[in-house]
Amino acid sequence: MHAAFVDQVLQRMWKETISDSDIALVAVGGYGRGALFPNSDVDVLVLLPDGRRPDAAVERFIGALWDSGLEPGHSVRTVSESVEEAAKDVTVDTSLIEARLVAGNPALVEDLEKRLRARRNVRDFFEAKFQEQKRRHERFQEAAYNLEPNIKESPGGLRDLQMVLWLARAAGLGQSWKALANEGLITAREAAAIGANERVLQDLRIRLHYLAGRREDRLVFDHQIEIARQLKLKSSAGMAPSDLLMRRYYLAAKAIWRFNQILLANLFDRITPETERSITRLDDDFQVVNLNLDLVDERLFEKRPAMILEAFRRLQDHRDIVGLGPRTLRALSRALPLVNRAFRENRENRRRFMEIMRSERLTWTLRRMSRYGVLGRYLPAFGRIVGQMQHDLFHVYTVDEHILMVIRNLRRFRIPRFDHEYPFLSRLMQEFDKPEVLYLAALFHDIGKGRGGDHSHLGAKDATRFCREHGLASADAELIAWMVEHHLVMSSTAQKQDLTDPEVISGFATLVRDERTLTAIYILTVADIRGTSPKVWNAWKGKLLEDLYRSTRRILRGETEYAASAIAAKKEASLRIFQQYVPTPGKEEAMWKTLDDHYFQRFEVAEIAWHTRTLWSRVTPEKPIVRARLSPVGEGLQVLVYAPDQPGLFARITSFFERLQFDVAAAKIYTTRHGFALDSFQVLTRTRGEGEHYGDLIRKIEVGLAERIAAAGLVEALPAGRVSRWVKHFPIEPRVDIVADRRPGRWVVSVSCADRSGLLSSVARIFFKHELNLVDARVTTLGARAEDVFVVNGAALEKPDSRLGIVDELCKTAS
């Protein structure tokens, strides 16, 4: 409709400026196929006969075109020049394949189409477009379910449908879904389904263009909410209107992606001559045709539905097979409803599914089972979370896509060629006796989301039922259910509790019970965090988890005594490192006399040696000492602050880091026997200036922070930082808890809220205001969410009314 209106405008302009009947105005690209969206470019070609050059009239038309207020994309070429450009650039060839006469000489357009067809090598065109799609999908990480998808370019977007029609046109097989059905490439029912899903995306894209007032193809959070309102969607089953909108989109995208794969396979099959078909018979049911798995009888799945899972087993067994062939995909699409309760209860099907879960080609297979709808049919609980949004400020994928990402991470730990990424973790995974236990725990760990209630508990019940039905050993079934139920515990313990506290480690060891469970939950936890978002994982989180794992394993093996012997061992190891730099005996004594056993429990050997080497000759300095180094964990910086203890010191330090665009990942706060603060910070850079070296950052911190501490004075308030778009549209209710620590006189303050710059120093100023002394800080950022834990002491917390007032202040700061 929009294209027809633009046709009329251009025809009138053409008539007013062009009198030459030998030339033509041609619509190309999206405008050429009649799919012109409100703010899309109007791509036109002024087509000239060979030997002609554009005259003044053509130039007047181009000027009028730009003055019209449209968004034109124009070119002026002869027929021969157009054919030549198409030969050099497949993008130009693709644009011209949709050429449509708007005004002028129709014979010229017919000549262009005839010469393009004669020159075009259909096989080369197919291969070029296939590689183009592959690169486009890779740009979006092969994930159709990003939370802010590009509805044109993402896998399952409109471009995937356009791709099919381009190839169909090039092969002379039609230019509509009905035409492809007439050619036998799809059924009439499938053609109708493609059209329905295409209309869902077209409607969304039209609304996006009008909302943005420009060409906008990303379905960002702002627009999700407004479009859901326009469509009058109502909350249902715990899902917000925008969630329902996005589920509608994701299901359409999944169907389009599936049809894209089916049709591409069918089209490639159609243009492949019989003489080029390589056929290898596997058995009476399956054969390999040109590296794709094919059915001997196309009605095999309808006659024997159990062969559906067997087809995926064959893909795993034969690594030289690249995918399902066109006949197999067609048959699978028709037989999908047969994956029903009877299918799921069949013992042979259950056996085959477990064989798939034990296979080395697992990630590749599960992605295809999900893409073609088999996984969601076999596991209805998985089918319910397909396209399920997650507004927790750190997951960037839908629930189903996140689950597949976690399984993919587990598989990478298992494959030796990826050992360099996580050497210790990879060794543990490769030594784990039954990796399918971990894969199944990953498959079920978030499967209970969106139902209301505790998703971990619901998922554990689903996992228990699955294990019972699929005949898993009781020990394995118990471990899978336990991991699903407790899959968040290790992350929470590592990031929010003091890992130098013997009781924390002992309590975690009691929870996990044995080393096999500890190893399993450790591997799953890392895979889970890495599967939430590329931005959530960092080396500091990795170190905390590994420290918790190693400390707990020592307890389970009976190797650790948190007593004088452990402290003595730390001192001995630290002294060996220190004496490599200062070999004279006894130089550490003056420094160590100011430290108690708690210091040696809290800090690691390498840290103790670094502190001693830095401070042994300056135990009571007149000026603050600040030293920084590249963090031993492999990311960010470690900063040592040594200065006379003073009120508001933590607030000054954190505000300094925030001004320099550093995030504090963790802080160890300690006060020596002679009243000096000996604090250690792990900091990560948010941004680093062009060409700015870490050495420059270290000098900036060492000089600037020392000066800031020495200057004392009031703790300045930083401007409130901006919250992310995500937080703006899906706000998180801040939560503050203050509870008594198990150690007398200490209190644990937990702050959970949307992250923003300046948050940490704002909290620190409230502590300063109420004369609360900071003992420890565990600072955690999960995407756009802050999860911070502080251990403090101070008289203000002893009174319930005063405690409530502090909670209110912290809540306001966190809002």
### Query
Sorted by packing (mean other beta-carbon atoms within 10 Å per residue), highest first, where do 357-364, 443-450 land?
443-450, 357-364
### Task
May I ask you to rank T464, T328 by accessible area, largest first, using a 1.4 Å probe over the protein chains only?
T464, T328
### Query
Hey, quick one: spin label on S474, modelled 7 Å out along Cα-Cβ, who in region 517-548 has an amide N within reach, i.e. under 20 Å?
517
## Note on the structure
Taking a crude spin-label model, label points 7 Å out from Cα along the C-beta direction, the A87 to S235 distance in nm is 6.4
### Query
Which lysines have a Cα lying under 18 Å from the Cα of K134, excluding residues fewer than 8 positions away in the same chain?
K152, K254
### Task
Would you please give the residues with an amide H less than 5 Å from that of F676, counting only those at least 5 places away or on a separate chain, with H modeled from the backbone geometry?
D645
### Message
Quick check on my link table: of K496/K623; K114/K178; K623/K700; K234/K449; K461/K496, which ones sit more than 22 Å apart, alpha carbon to alpha carbon?
### Response
K496/K623; K114/K178; K461/K496
### Query
Can you give the FRET efficiency for I567 and H457, using 1/(1 + (r/R0)^6), R0 = 45 Å, r = Cβ-Cβ distance, to the nearest 0.05?
0.65
### Summary
Note to self, the chain gives a 222 nm [θ] from helices alone (DSSP H runs n ≥ 4, -39500 (n - 2.57) apiece, / all residues, nearest 500) of -16500 deg cm²/dmol
### Query
Taking the Cα atoms only, what angle lies between the long axis of helix 362-371 and the longest principal axis of the chain, rounded to 10 degrees?
50
## Note on the structure
Residues meeting the amide H criterion for H74 (H placed from the backbone, H to H distance under 5 Å, 5 or more places apart or on another chain) are V44
## Note on the structure
Computed ³J(HN,Hα) along region 647-659: with the Karplus parameters 6.51/-1.76/1.60, θ = phi - 60°, integer Hz and x for glycine or proline, the list is x, x, 4, 4, 5, 5, 5, 5, 5, 4, 4, 5, 5
### Query
From the backbone phi of region 298-314, what are the Karplus-calculated ³J(HN,Hα) couplings (6.51 cos²θ - 1.76 cosθ + 1.60, θ = phi - 60°) in whole Hz, Gly and Pro given as x?
5, 9, 4, 5, 6, 6, 9, x, 4, 5, 4, 5, 5, 4, 5, 5, 5
## Note on the structure
Computed for the chain: size of charge dipole around the Cα centre, +1 on C-beta of each Lys and Arg, -1 on C-beta of each Asp and Glu, debye to nearest 20, value 1040
### Task
Report the full-extension gain for the segment R299 to R427: residue separation times 0.36 nm, less the Cα-Cα distance, to one decimal in nm.
41.6 nm
### Message
So, for region 482-581, what is the accessible surface per residue at a probe of 1.4 Å, expressed in square angstrom?
### Response
42
### Task
Using the heavy atoms of the protein chains and a 1.4 angstrom probe, tell me the accessible area per residue for region 1-47 in square angstrom.
42
### Task
Treat each spin label as a single point 7 Å out from the Cα along the C-beta direction, and report the L660 to S75 distance in nm.
5.3
### Task
Take the Cα atoms of region 483-542, build their convex hull, and give its volume per residue in Å³.
84
## Note on the structure
The distance between the Cα centres of region 222-286 and region 401-466, in whole Å, is 25
#### Entry: Per-peptide average of other Cβ atoms within 10 Å, ordering 333-340, 68-75, 738-745 highest first
333-340, 68-75, 738-745
## Note on the structure
Residues meeting the amide H criterion for G448 (H placed from the backbone, H to H distance under 5 Å, 5 or more places apart or on another chain) are G459
## Note on the structure
The correct pair for region 620-670, radius of gyration to one decimal and Dmax as a whole number, both in Å and from Cα atoms, is 11.7, 33
### Message
I'd like the orientation of helix 241-271 relative to the chain: the angle between its Cα long axis and the longest Cα principal axis, in ° from 0 to 90, rounded to 10.
### Response
50
### Message
Could you sort R785, R627 by their accessible area in this structure, using a 1.4 Å probe and putting the largest first?
### Response
R627, R785
### Message
Residues of region 353-389 with backbone nitrogen within less than 17 Å of a virtual label 7 Å along the Cα-to-Cβ line of E148, please, listed as ranges.
### Response
389
### Query
How much of the accessible area of the chain, probe 1.4 Å, is carbon plus sulfur, in whole percent?
50
### Task
Provide the FRET efficiency to the nearest 0.05 for the T584-I279 pair, computing r from the beta carbons and using R0 = 56 Å.
0.10
#### Entry: Shape of region 279-370, Cα gyration tensor, a/c cut at 1.5
oblate
#### Entry: Inter-label distance for S750 and E559, nm, one decimal - labels placed 7 Å from Cα along Cα-to-Cβ
3.1
### Task
Measure nothing fancy, just the Cα-based angle from helix 399-414's long axis to the longest principal axis of the chain, in degrees from 0 to 90, nearest 10.
70
### Task
For the chain, count the residues as N, evaluate 2.2 N^0.38 Å, and divide the Cα radius of gyration by that value, please.
1.16
## Note on the structure
To the nearest Å², the heavy-atom accessible area per residue of region 244-383 with 1.4 Å probe amounts to 41
### Karplus-derived HN-Hα couplings along region 166-172 (A = 6.51, B = -1.76, C = 1.60, θ = phi - 60°), whole Hz, x at Gly and Pro
4, 5, 5, 4, 4, 8, x
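The values are calculated or read from the model by the stated rules, or taken from the named source; none is laboratory data. For clarity, every value in this text was computed on a predicted model and none was experimentally measured. Note: ideal-geometry Cβ built from the backbone for every residue, glycine included; neighbour counts use all protein chains shown. In case anyone asks, the SASA skips ligands and DNA or RNA and just uses the protein heavy atoms, side chains included. Shrake-Rupley method; radii C 1.70, N 1.55, O 1.52, S 1.80 Å.
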